[in-house]
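Below: the structure, in structure tokens.
Just so it is clear, none of the values below were taken in a lab; they were calculated from the coordinates. Everything quoted here is computed from the prediction, not taken from an experiment. Methodologically, a virtual Cβ is constructed for each residue, glycine included, from the backbone with ideal geometry; neighbour enumeration extends over all protein chains shown.
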């Protein structure tokens, strides 16, 4: 029509690199894309500049948990065994509710042969890996992407079935959380709730996960699932109350106490701690930092309910770790975090294409 503005030509559609569906980075305006690319570069620079010392989770948990299990296996009651183990390792006993681990895993493992410990956690890890493969493989386009997906899943799980880590309730909870995330479907929400409840019975480390899932279920209008998470949280709080009651007469004011719960760590330190908690830890910092930023971008890019729930869960655990400096909370995000690298190539390409877009609008005047 004379005097009208012809539509701007759309960017030519590109074949997917790995992810066979549009993501959240698709179709962004040039200004937004350039801003995100600048933010990624800034985050990588911050990661390099803020490296610091940290206590690996593999050194924090096993000395206490293996000692507790040895005492219980030799006939000592759990609570005296736990307090003795903490004292032997010069650990704080107060507040006892969080200083002393919950008894469920130790009592169970003490009654089982050692082979069953490793076999049980190994089967749980295999179920987690199979679940995420079943969920992600259909949206991937190439064998190389599927191969990297499998490698990253195994890398996230690999350190946990080791002899020291298998005695830590947080190792089992990390696998249960990862499995619960992938098991959650609109028609199967209660199975995810059941796995989350088991994780909370093993350790309070799983409480933030259940709270996140409750909020997301309520936002999605999944009433039945939300009720399930509320019930699971109520049961977990009852378990914690019983735990506190049992410790009430065993811990006194003269026992050593933890320091301030607030101990802020740097982002670069968090990245190193997450990598160290899985098999990525052997890579140099120069590789780990950009991989971590790309992994975060990949999780944001993948447009799927599972990605949203996993991403929010990992973001909450990352924030809590940054604020508290607790190496235990790292296990809330380490098994799945670097999985986001699989979705990153498509996200980066979409951002670059959008940032380089130089579409022009031509206005034609017609003089009558």
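What shape does the range 128-209 have by the C-alpha gyration tensor, where a ≥ b ≥ c are the square roots of the eigenvalues, rounded means a/c under 1.5, and otherwise prolate means a/b greater than b/c and oblate the rest? It is oblate, given that a/c is not under 1.5 and a/b is not larger than b/c.
Building the convex hull from the alpha-carbon atoms of the range 147-281 and averaging its projection over directions returns 11.1 nm².
Counted by neighbouring Cβ atoms within 10 Å, the residues 171, 334, 162 run from fewest to most as 162, 334, 171. Within the range 295-322, name every residue whose backbone N is under 19 Å away from a label modeled 7 Å from Cα of residue 137 along the Cβ vector. Flagged as within label range: 306-307. Computed log10 I(q)/I(0) for the range 229-328 at 0.23 Å⁻¹: -1.21, from the Debye equation with unit scatterers placed on every C-alpha and solvent omitted. Counting only DSSP H runs of at least 4 residues, each contributing -39500 (n - 2.57), and dividing by the residue count of the chain, the helix-based mean residue ellipticity at 222 nm comes to -19500 deg cm²/dmol.
Legend: ranking of residues 276, 346, 84 from fewest to most surrounding C-beta atoms inside 10 Å; resulting order 84, 276, 346. With both labels modelled 7 Å from their Cα along Cα-to-Cβ, the residue 150 to residue 48 distance reads 3.5 nm.
When a/c reaches 1.5 or more, the comparison of a/b and b/c decides; with that in mind, is the range 224-274 rounded, prolate or oblate per its Cα gyration tensor?
Oblate is the answer for the range 224-274, as a/c is 1.5 or above yet b/c matches or exceeds a/b.
Take the Cα pairs of the chain, get the Kirkwood Rh, then feed it into Stokes-Einstein at 20 °C and 1.002 mPa s and tell me D in µm²/s. Estimated via Stokes-Einstein, D reaches 95 µm²/s. When 185, 134, 34 are sorted by how many other C-beta atoms sit within 10 angstrom of their C-beta, beginning with the fewest, the order is 134, 185, 34. Between residue 111 and residue 87, the contour length at 0.36 nm per residue exceeds the Cα-Cα span by 6.2 nm.
Peptides 239-252, 193-206 ordered by packing proxy, namely the average of other Cβ atoms within 10 Å per residue, highest first: 193-206, 239-252.
Net length available on complete extension from residue 37 to residue 262 is 77.8 nm, with 0.36 nm assigned per residue and the Cα-Cα distance removed.
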